[in-house]
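The values are calculated or read from the model by the stated rules, or taken from the named source; none is laboratory data. Predicted model, so just to flag it, every value in this text is computed and none were measured. Because the Cβ atoms are built from the backbone with ideal geometry, glycine has one as well, and the counts that use them run over all protein chains shown.
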Amino acid sequence: MKQTCMSCKFYKIDDELSGYCRVEKNKDKNDTVQREMVRQDHSCRKWIDCGQQYYIRLGWIKAHVKKKRNSADR
């Protein structure tokens with residue numbers, strides 16, 4: 001598996017193309033910390049394997065894209 005944000009424990013999906021990194025938020029446990037926006041194919045040295053969560057994220061993205069296509073076809 002490639003070491004990308006999509007397969008990282010700290011990645012939180014925002015939409016089908018991007019999300020944000022939860023590393024800084026987790027350090028301080030502070031909701032006011034600015035979220036670091038990242039693209040799925042990005043990676044950094046903070047990367048930690050998210051295991052099964054990767055496949056759940058992939059399924060969410062596929063379902064979201066399919067739903068958008070179905071809405072556009074109507």
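Kindly indicate whether A63 is surrounded by fewer than 14 Cβ atoms within 10 Å (Cβ to Cβ), at pLDDT 90 or above and either not in a loop (DSSP other than H, G, I, E, B) or not aliphatic (A, V, I, L, M) (or both).
Working: surrounded by fewer than 14 Cβ atoms within 10 Å (Cβ to Cβ): yes; at pLDDT 90 or above: yes; either not in a loop (DSSP other than H, G, I, E, B) or not aliphatic (A, V, I, L, M) (or both): yes.
So A63 passes the test.
K2: surrounded by 12 or more Cβ atoms within 10 Å (Cβ to Cβ), part of a loop (DSSP other than H, G, I, E, B) and charged (D, E, K, R), yes or no? Against the criterion (surrounded by 12 or more Cβ atoms within 10 Å (Cβ to Cβ), part of a loop (DSSP other than H, G, I, E, B) and charged (D, E, K, R)), K2 does not qualify. Residues being touching a residue at least 40 places away in the same chain (Cβ under 8 Å), acidic (D, E) and part of a loop (DSSP other than H, G, I, E, B) are represented in region 8-16 by at least one member. Is it the case that some residue within region 39-56 is loosely packed, with under 11 Cβ neighbours inside 10 Å and among the polar types (S, T, N, Q)? Looking for residues that are loosely packed, with under 11 Cβ neighbours inside 10 Å and among the polar types (S, T, N, Q), one finds at least one in region 39-56, hence yes. Considering region 24-47, and only residues there that are under 11 Å from C8 (Cβ atoms) and in contact with a strand residue (DSSP E or B) (Cβ under 6 Å, 6 or more places away or on another chain), the residue that is modelled with the highest pLDDT turns out to be W47.
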